[in-house]
1. Given R₀ = 22 Å, what would the calculated FRET efficiency be for Ser79 paired with Lys142, taking r from the Cβ atoms and rounding to 0.05?
2. For helix 456-466, what angle does its Cα long axis make with the longest principal axis of the chain, in degrees from 0 to 90 and rounded to 10?
3. Could you work out how much longer the chain between Leu480 and Val398 gets when fully extended? Use 0.36 nm per residue separation minus the Cα distance between them, nm to one decimal.
4. For the chain, take the longest principal axis of its alpha carbons; what is the angle in degrees between that and the long axis of helix 302-320, to the nearest 10 within 0 to 90?
5. Which of the residue pairs Lys86/Lys460; Lys85/Lys375; Lys17/Lys407 have a Cα-Cα distance greater than 29 Å in the structure shown?
6. What does the extension gain come out to for Val411 and Tyr62, with contour length at 0.36 nm per residue minus their alpha carbon separation?
7. I'd like the distance separating the alpha-carbon centroids of region 201-266 and region 284-339, in whole Å.
8. Among Ser361, Ala345, Ala389, whose Cα sits farthest toward the positive end of the charge dipole of region 262-402 (+1 at Cβ of Lys/Arg, -1 at Cβ of Asp/Glu, about the Cα centre)?
Amino acid sequence: MALMTPEQFEESLKERKPRVFMNGKLVENILENKNTRTVVESNKASYAWALDPRYKDIMSCYSPLIDDVVNRYTYVSASTEDLVKKAEAGTFTAEMLGTCIYRCVGYDSFHTLASTTWEMDRDLGTEYHPRFMEYLKMVQKKDLSVAGALTEPRGRRNQKTLEWPDPFLSLKLVDKNNEGIWVRGAKINISGAYASHELMVLPQAAHYEGEEDYAIAFAIPADAEGITYVAQYSPYSAERDMAEDNEELGNPTFGQRETAMIIFDNVFVPWERVFHCGEYPYSIKIVSRYARTHRMTCGGTCKVGFMNQIIGASKLIQEYKGLEKATHINEQLMEMVVLRETCRACGLAAAQKGAEEPVGSGVFLPDETMGNVSKLNVCNAFWRVMALAGDIGGGLIVTMPSLKELKNPAVKDYVEEFFSFGSDEPTENIMKVHKLLQNWTAGQHGVGTWHGAGPVMAQKIMLQRVIDYEHEKELVRNTLNLKEKDKAEKE
């Protein structure tokens with residue numbers, strides 16, 4: 001099997017030296033820094049699950065590309081059944097981690113590039129598709145963790161790209177020769193890339209004539225020369241830095257989702273790793289195909305996994321406080337479940353209604369309408385689930401003291417007495433569950449879920465492009481036997 005063990009994954013990272021800055025300081029070792037370590041642990045878990053007999057059906061699959069079993073996060077869907085498994089993997093990894101599976105953007109990028117490189121070669125006579133498939137073959141054989149990068153700083157939104165005073169606010173090709181290309185610019189809000197082996201880079205938006213230098217897609221090692229990461233730093237990052245014991249935190253092992261700005265300072269990319277360069281009409285195809293794929297999973301089914309954690313914590317708090325018969329709380333829990341299942345249904349529908357695109361490519365993508373509906377639905381549903389959890393959990397979610405007080409001899413007995421709520425459950429457990437809900441409801445996941453895979457308006461724009469209403473109008477015409485005016489009468 002072409003499957004790496006978790007231990008081999010960690011060893012492989014020791015060979016890599018990404019340049020990472022966090023909180024104004026150089027991160028000397030991503031394996032030892034408390035915050036970057038959470039990304040390592042999340043990716044590491046994906047290797048363990050692929051080898052675990054309990055989970056291998058979700059996390060691994062057979063790849064005809066290399067005639068071997070591979071990690072599902074290195075695979076391109078070749079059927080609707082594959083897409084359903086992809087959706088299920090999104091839920092599974094999210095509920096197990098309670099945060100991002102940092103291989104998902106690379107996984108989704110594989111789908112869009114396999115599809116669009118095939119189409120470019122067919123239409124333009126380029127040679128991108130075999131080049132990409134050779135790259136994917138290497139990724140599968142080595143079981144590499146691949147992150148992805150799309151979002152860019154960009155300039156003022158009321159200006160066109162070529163009107164920006166700084167031309168590098170979108171990633172831009174600056175030179176090329178027979179060996180490859182050089183790029184300069186940045187990608188922002190990029191999840192977990194510094195603890196990955198590879199980075200897949202796609203355009204963020206459609207491009208037009210004159211913007212050929214922005215129409216680029218390629219793959220590079222995550223620690224390539226000229227790459228610098230400026231990592232996020234939040235109150236939750238500071239809390240982890242200061243924690244004497246990670247068990248005091250809302251998600252002890254996997255943390256909040258970690259992102260970074262990636263700076264490309266004249267980074268060289270050899271031609272064998274370039275999959276789109278200047279063919280600007282195809283940038284929008286890359287973006288839209290990526291969007292529907294990512295919105296089915298990251299926007300849809302993975303948030304089902306997050307909701308499972310929130311619902312579980314809310315139910316435990318209800319039981320700790322003896323509120324099992326409280327009608328309003330039972331109704332709130334039921335509403336959370338309905339929202340969760342609606343999100344699950346949309347994601348699975350996007351998978352089951354998926355199709356080969358383009359026909360002949362062998363690549364299956366989620367249904368575009370349902371992929372966008374999935375994420376659009378999640379945007380509001382997830383906020384509602386967090387609000388309901390906040391109501392059930394009460395003010396203690398945001399007012400609770402540190403779990404260190406359970407080791408403080410001056411107040412330990414009082415904390416254990418008054419935060420037990422008369423329950424037989426250990427006070428430490430009760431506080432930890434509240435801390436987990438703090439991690440969700442007062443953390444970074446609300447805004448992250450809203451904007452991850454695109455905010456509401458991004459889905460609405462995509463839906464406006466694909467919905468034509470002709471079927472619905474024709475139904476009404478047929479039902480009412482509506483007659484059209486004669487041609488002569490119209491004239």
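Read-outs: derived from the displayed coordinates by stated rules, not from any lab. From a predicted model like this one, the values you see are computed outputs, not experimental measurements. Ideal geometry is used to build each Cβ from the backbone, glycine not excepted, and the neighbour counts take in all protein chains shown.
1. Approximately 0.30, to the nearest 0.05.
2. Roughly 30 degrees, rounded to the nearest 10.
3. Net length gain for the segment: 23.7 nm.
4. Long axis of 302-320 versus the principal axis of the chain: about 10 degrees.
5. Lys17/Lys407
6. 120.0 nm
7. 26
8. Among Ser361, Ala345, Ala389, the one farthest towards the positive end of the dipole of region 262-402 is Ala389.
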